[in-house]
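Working notes, beginning with the structure itself.
The values are calculated or read from the model by the stated rules, or taken from the named source; none is laboratory data. Model, not experiment: these values are computed from the prediction. Don't worry about glycine lacking a Cβ; one is built from the backbone with ideal geometry, like all the others, and counts go over all protein chains shown.
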Amino acid sequence: MKSAEDISLYRRRRERLARGMGAGVAVLPTAPERVRNRDSHFPYRFDSHFYYLTGFPEPEAALVIVAGESPKTLLFCRTRDEEREIWDGFRYGPEAARERFGVDEAHPIDTLDEAMPALLENQPAIFHPVGADPAWDLRVTGWLNAVRARSRAGVSAPERLQDVRALIDAMRLVKDAHELGLMRRAARISAGAHRRAMQVARPGLFEYEIEAELLYEFRRAGAQFPAYSPIVAAGENACVLHYVANDARLASGELLLIDAGCELDGYASDITRTFPIDGRFTAAQREIYELVLAAQLAAIGAVRAGAAWNEPHEAAVRVLAQGLVDLGLVPGPVEQAIEKETYKRFYMHRTGHWLGLDVHDAGEYKRDGKWRTLEPGMVLTVEPGLYLRAADDLPERFRDIGVRIEDDVLVTPAGPEVLSAEAAKSVADIEALMRDARAGR
């Protein structure tokens with residue numbers, strides 16, 4: 001049940017969107033339920049934009065916002081159904097939804113098509129997620145055609161069709177105190193899961209056994225889901241950026257890369273740690289690991305209000321390129337390695353992305369052709385890496401070493417706040433944690 005504070009929070013978001021619209025009607029459906037196989041469904045997960053504006057968790061719902069001189073908000077949702085609630089669980093129904101989610105009106109979802117033409121009459125614009133779902137695009141077209149059919153009665157239809165997501169993206173980019181509280185909790189839960197993985201990892205276990213420990217810790221601590229499919233990649237698998245098979249056996253002398261984060265009340269965390277399965281880095285592993293760590297620390301240091309989005313990436317690239325030149329893995333000097341992008345042989349992805357209700361969260365990275373300026377309240381990941389595959393014909397000691405280190409970072413007026421700092425990261429801390437676990441301490 002939503003508190004009065006929560007209701008006020010969601011109401012303020014809707015009012016802000018209405019102001020951004022100026023005039024017109026916005027329609028935002030939530031995500032549909034998805035069939036997994038036969039009559040079994042995937043666990044339900046709401047649409048992020050819809051949830052951001054309502055806090056309403058049920059499927060088969062749509063939000064309508066009428067902006068202008070007489071603004072109002074309507075929620076269309078499922079009705080109460082005793083038989084279905086016996087099978088599937090509680091439903092709010094329109095009456096309770098109106099009270100508990102702070103909307104002006106609530107109606108049965110099966111009345112939406114009947115209600116929308118009247119709501120669109122004489123409105124200048126309709127806002128909805130254009131192109132996100134062809135079925136909804138067709139419904140919008142049907143409503144518009146119904147309004148146009150009444151033109152002889154002096155009724156006008158909206159002349160402008162606008163994608164509402166651009167307005168909501170801009171709102172979601174800067175997190176409020178409620179969101180940051182959830183994201184800090186999600187990061188702490190995920191950091192605890194990464195510590196657990198370091199403590200239990202041993203040669204001979206399978207990657208999926210470590211994945212099970214992560215998922216157990218997520219759920220045990222109250223998170224509802226993993227925010228994405230965990231990557232648990234040992235040895236050469238760590239050089240596959242989106243490896244998700246998680247079915248190989250852990251071997252002595254290899255590194256284990258884990259990219260995993262939980263979702264808590266809709267909000268994602270996203271953490272990557274890399275550590276030695278034996279509990280101690282080899283000399284070569286340590287060289288590569290400390291190079292990636294130095295790049296990450298440089299990138300985190302560049303996360304500051306007023307900086308351009310690309311500055312953390314540029315900081316990481318400079319450190320990595322210099323290190324690769326020093327190790328003899330790419331030709332120097334470093335300026336040439338950066339200009340010719342020879343470092344991309346071993347570091348081929350960007351250094352971060354926005355984080356929030358989605359793992360790759362809403363918000364543009366450039367505006368008018370220029371990198372966006374970081375502002376307090378924005379949250380991003382910082383995740384440089386190096387991937388040295390045997391196929392790259394490297395010195396043997398460097399082969400099949402994949403390292404990525406990722407943290408969730410909040411932009412504050414005073415500098416970066418690392419939300420995921422509780423996950424061990426230095427060589428000394430990782431080795432001590434694993435040593436203590438093996439000693440039973």
**Asked** Quick one: would you say Phe42 is among the aromatic types (Phe, Trp, Tyr), in contact (Cβ under 8 Å) with a residue 12 or more places away in the chain and either closer than 24 Å to Trp87 by Cβ or not assigned by TED's automatic domain parsing to the domain that holds Arg98 (or both)?
**Response** no
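Among the listed residues Tyr267, Tyr243, Tyr208, Tyr228, identify the single one that is more than 30 Å from Gln322 (Cβ to Cβ) and without any contact (Cβ under 8 Å) to a residue 40 or more places away in the chain. Steps first, answer last, please.
Details: Tyr267 fails: without any contact (Cβ under 8 Å) to a residue 40 or more places away in the chain; Tyr243 fails: more than 30 Å from Gln322 (Cβ to Cβ); Tyr228 fails: without any contact (Cβ under 8 Å) to a residue 40 or more places away in the chain.
Result: Tyr208 is the single residue among Tyr267, Tyr243, Tyr208, Tyr228 that is more than 30 Å from Gln322 (Cβ to Cβ) and without any contact (Cβ under 8 Å) to a residue 40 or more places away in the chain.
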Scanning the range 214-234 residue by residue, those crowded, with 22+ Cβ neighbours inside 10 Å and more than 18 Å from Ala187 (Cβ to Cβ) turn out to be Val232, Ala233, Ala234
Taking the range 73-112 and the residues there that are closer than 21 Å to Pro129 by Cα and surrounded by fewer than 16 Cβ atoms within 10 Å (Cβ to Cβ), the one that is nearest to the chain's Cα centre (by Cα) would be Asp110
If we scan the range 405-421, do we find a residue that is under 18 Å from Gly323 (Cα atoms) and modelled with pLDDT of 95 or more? yes
Looking across the range 1-33 at residues that are at pLDDT 95 or above and among the charged types (D, E, K, R), the single one that is nearest to Phe101 (Cα to Cα) is Arg11
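With a cut-off of at least 2 residues that are more than 27 Å from Leu182 (Cβ to Cβ), name the helices (runs of 4 or more DSSP H) lying wholly within the range 1-102. Even if it seems obvious, please write down each step before you answer.
Numbers: elements: 4-21, 48-54, 82-88, 93-101.
Of the helices (runs of 4 or more DSSP H) lying wholly inside the range 1-102, those with at least 2 residues that are more than 27 Å from Leu182 (Cβ to Cβ) span 82-88, 93-101.
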Looking for something over 30 Å from Ile168 (Cβ atoms), assigned to a loop (DSSP other than H, G, I, E, B) and not hydroxyl-bearing (Ser, Thr, Tyr) - is there at least one such residue anywhere in the range 356-375?
no
Within the range 145-162, the residues that are under 16 Å from Ala125 (Cα atoms) and in contact (Cβ under 8 Å) with a residue 12 or more places away in the chain are Ala146, Val147, Val155, Ser156, Ala157, Pro158, Glu159, Arg160, Leu161, Gln162
Quick check on the range 273-294. Is at least one of its residues closer than 22 Å to Asp361 by Cα and either of a type in the set (S, T, N, Q) or surrounded by fewer than 22 Cβ atoms within 10 Å (Cβ to Cβ) (or both)?
no
